[in-house]
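Shown next, in structure tokens, is the structure this report addresses.
The values are calculated or read from the model by the stated rules, or taken from the named source; none is laboratory data. Quick caveat: nothing in here was measured; it's all calculated off a predicted structure. We place every Cβ from the backbone using ideal geometry, glycine too, and count neighbours over all the protein chains shown. The accessibility values were calculated without ligands, DNA or RNA, using every heavy atom of the protein model including side chains. Shrake-Rupley method; radii C 1.70, N 1.55, O 1.52, S 1.80 Å.
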Amino acid sequence: MNNSKKSAKTALGGVIAALSVVLMFMTSVIPTLTYALPAAAGVLLSIIVIEIDKKWAFAVYAAVSLLSVLLVADKEAAVMYIMFFGYYPILKAVFEKHFSVPVSWVLKFIDFNISMILAFLISVYVFKIPFDEMEKYGPIAAFILLGVGNIVFLLYDFALSNLIKLYLFRWQKRLKKIFKY
């Protein structure tokens with residue numbers, strides 16, 4: 001790879017990382033988007049997966065994760081990015097490339113549920129973020145929330161797939177002109 005292509009890829013990675021960190025910072029400004037903004041930041045990694053490769057996407061994910069933990073006030077949003085939304089576009093590409101559709105979906109749902117349980121435990125026990133619904137409704141609230149989360153995950157995966165298609169048909173040529181990689 002020549003230096004200009006490597007520089008273009010580095011620049012693209014830097015721009016995606018910067019945009020992702022800005023989205024993560026916005027969770028402090030608009031607290032009702034604690035889950036939506038990390039999801040949007042994760043969507044941006046799809047561009048790195050498509051245009052460069054999964055290794056570069058993982059490096060951008062790691063950089064955004066570290067900066068989110070250190071700099072973002074909304075720790076729950078940072079945990080959601082780290083535990084699911086940040087790496088999911090990379091994992092989605094791997095699952096959809098290497099497995100049949102039914103197996104891919106099973107793996108996606110297993111990953112989602114494990115990630116959400118771990119994110120919940122980290123949020124509550126490490127960052128001491130209170131889960132008020134637990135006090136009101138008891139432990140069943142966590143299971144209901146996870147069930148609803150699975151439905152939302154299905155919608156997120158569908159939306160991510162459509163955004164990737166939109167990128168490939170509409171925005172990819174424009175981005176390549178800008179970064180010349």
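Values as computed for the structure displayed
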| quantity | calculated |
| --- | --- |
| Subset of the range 63-103 [more than 11 Å from the chain's Cα centre (by Cα) and under 24 Å from residue 30 (Cα atoms)] | 63, 66, 67, 68, 69, 70, 71, 72, 73, 74, 75, 76 |
| Test: residue 60 is modelled with pLDDT of 95 or more, open to solvent by less than 60 Å² (accessible area, probe 1.4 Å) and in a helix (DSSP H, G or I) | yes |
| Subset of the range 29-42 (residues that are in a helix (DSSP H, G or I) and loosely packed, with under 14 Cβ neighbours inside 10 Å) | 29, 31, 32 |
| Residue pairs meeting the criteria (Cβ under 6 Å; at least 6 apart or on separate chains; first of a type in the set (Val, Ile, Thr), in the range 113-140; second modelled with pLDDT of 90 or more and open to solvent by less than 70 Å² (accessible area, probe 1.4 Å)) | 122/79; 129/76 |
| Given (1) at pLDDT 95 or above; (2) under 25 Å from residue 157 (Cβ atoms); (3) among the aliphatic types (A, V, I, L, M), index of the condition residue 30 fails | (1) |
| Single residue of 45, 19, 12 found to be open to solvent by 60 Å² or more (accessible area, probe 1.4 Å), among the hydrophobic types (A, V, I, L, M, F, W, C), in a helix (DSSP H, G or I) and closer than 25 Å to residue 179 by Cα | 19 |
| Unmet requirement for residue 52, which otherwise passes all of (1) more than 25 Å from residue 32 (Cβ to Cβ); (2) among the aliphatic types (A, V, I, L, M); (3) at pLDDT 95 or above | (3) |
| Condition met for residue 58 (over 16 Å from residue 153 (Cβ atoms) and free of Cβ contacts under 8 Å to residues at least 40 places away in the same chain) | yes |
| Count of the range 38-75 residues which are of a type in the set (Lys, Arg) and more than 18 Å from residue 167 (Cα to Cα) | 2 |
| Residue check for residue 75: closer than 17 Å to residue 122 by Cβ and either touching a Cys at 6+ places or on another chain (Cβ under 8 Å) or open to solvent by 30 Å² or more (accessible area, probe 1.4 Å) (or both) | yes |
